[in-house]
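Just so it is clear, none of the values below were taken in a lab; they were calculated from the coordinates. All values derive from a computational prediction rather than experimental measurement. Here the Cβ positions follow ideal geometry from the backbone for every residue, glycine too, while neighbour counts run over all protein chains shown.
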Amino acid sequence: MAAEFCAECTIFKESFESLSGDYSEETHRTPFRNFASLESSALLGCSLCQIIFQTWHSDRYFKIYKNHSLIQVKGYVWDKDDSENDSENDSENDTENDIGHSFESKIQGIYICYEDSNTGFTLYDFTDAGISMEQFSEYQNASCQIIDPNAPDSISQIVSLASKWVQNCRQTHQNCGSYHTKTEPKVLPTRLIDYIALSYAWGSTGNFVKTTASNLEAMTQRLPWPQLPKTIQDAIMVTRRLGVRYIWVDALCILQSEGPDDMSHKEDWSYEAARFGQYYENALLTIAATGASSSDDGLLLPRPILRFEPKSITFRPGKALSYTIRSSIPSWLSETYFGPLSERGWAIQERLLSRRVLHFAENMILWECHDRRATELDPQGLNPNGPEDLNLLFIEFMTKCRDLYAKGLESDDFMDEWYAFIEMYSETIIQQHTQQRYVAGLWESDIPRGLTWQALGPFRFDTTQLVDPPIIGKPVNLDTQVILPSWSWAVCRSYVRYFCDNDWKPLVEVESWEIDSQGTSTSGQLRGARLTVRGYLGMLNLADLGFVPHASTDIADHVLGRDPEEGHTDFCELVCMDAKMDSQVRHLSHPCLLIGKTNTSTPSFGRQTAGGAIILQATGRCLGLIKEYRRIGFISLPIEECLSNFNNVMTTVILI
């Protein structure tokens, strides 16, 4: 079917196709008044407006939706040499991938953004892409088979597909069957509704009916169906239609708080939190509301990308400047990895631990187990020849963790993925089936590297009440649900990055560690933790070393560098404090413990060896002659400066 265009897009198409490429040129479509205007034009049948609408949702730009902002559409053909001169620090490959289609000396693209905004996207050019027109046509046909959530029999169709996935997995998947064949007994949840598990986001308010000490008896007798949020209602219906008798939902199966003095809630939560991992492990299936931001959204979402039939438009067909754009194809990664639920810390643990997951994503239903990943587009399993980018899929941390168990990958492979995972999520603790012991967010075999996290982003939440644990072995007041050590990444208030890069070498020795937790080391609530390490100490004054706040407002004010005009962070010369600091902090001398060294690339010096140290604060306590410290930041310096600023005799210290 030939593409149709609205009047404004017709003018834009003719103008864009008239750009010769003889020199850098641009053309602009009349701006959309707002997002509603774009949507209206798409509904009237304009193919270009539909592709823009679908890409907007696929790339999640609706998260920065602005009701009254103009939306600009710019077509361009740039001289590649001019573009590279304007972006000296961009590599040639980066320029080609991020800006548009590159051919010899020209770059072209169609760029969409809000007026006066740097945030936007370029419509991807499929002219030389790995997805052929034949494959796109297959997707066009397959997309018609995706279940319409508004159809009267949508639940029946979903349950039929899910039942086939479950049955096939139970009968034929060796890894899924052996995954839970262990000697320890299964742990069933304490409280069940009339066992599938639900993984979902409560939403910003969480203002819905929950089980509490005061209504426990009534909730056990009958659930107030009209008061349950839509996601829980849908999950119960799907569970029943699957023929499963029980479902576990945290808000209903754990006593929720009725106030700061609710001891029943605190005791129940403390007991249940240590068992979360086993609840999801032992469930037949986990239903995941992957595409929903709130429990009010339900499982069956509107599917905006599939609102219009997939379209393909080629500008200047058959010519050297040919440029093909297409509707976004919902994929495994776009629906799960980038779904709203992936931003919720608990959900990451729930997904990783689950034997099987049925994802209700924004645009389709997806299946995940230890042997297979499937979608409505490819229900038999992801097709290597299909539109899914398998190279991206199989570098996803979740997939590698499953492969670590199922295929017996080396634990060293897992460690690299673990740190990359923490950098991305920075908010959750993962329980992984491994023989290594877990030390408050660090692995016993790799504690030095685990200490090298840096708080780079703006602080999003307050964790001060979780730090400074009591002496291990002394009772903890029940009012305190969890105590985190200052040296664990889990206490960080922002996203983290790890200092270790290539050729990492630890320069500190771990003598001992102690953990006081209620339950297992990976899922039990932490009551206290202590590391005893031996390493090189130094007293460093940040101001004397030349560290100052960055001039750029894009860099958080607790991050210091040596060049205040730099608009980037040089990881070879960087200070990241773990909390907001006053102006005097950098003028004080701080005890610092050298943790290790690594090779890193820097804008200023290229490839260089750098040392990383944690910045400490004395607690005033000692264990015998060993002084006790808490971590307050991280500093990196060229290794030559480390050698001159740290003692050459190792000292034993305690870190809490």
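Assorted remarks:
- Using a Förster distance of 41 Å, the FRET efficiency for Ser156-Ser132 (Cβ separation, nearest 0.05): 0.70
- Summed side-chain charge close to Leu588 - residues other than Leu588 whose Cβ falls under 14 Å, Lys, Arg +1, Asp, Glu -1: -1
- Cross-link table Lys74/Lys311; Lys13/Lys106; Lys266/Lys627; Lys210/Lys230; Lys230/Lys311; Lys13/Lys319, entries beyond 24 Å C-alpha to C-alpha: Lys266/Lys627; Lys230/Lys311
- Count Lys and Arg as plus one, Asp and Glu as minus one, and take only other residues whose Cβ is under 12 Å from that of Leu616; the net charge is then +1.
- Interchain or long-range residues, amide H under 5 Å from Ser69's placed H: Phe35
- Distant-in-sequence amide H partners of Gln256 (H built 1.01 Å from N, under 5 Å): Thr211, Thr212, Ala213
- For the stretch 275-324, the set of trypsin sites (Lys or Arg not before Pro) satisfying both a DSSP loop assignment and a count of at most 11 other C-beta atoms within 10 Å is given as Lys319.
- Fewest-first ordering of Met581, Met539 by other beta carbons within 10 Å of each residue's beta carbon gives Met539, Met581.
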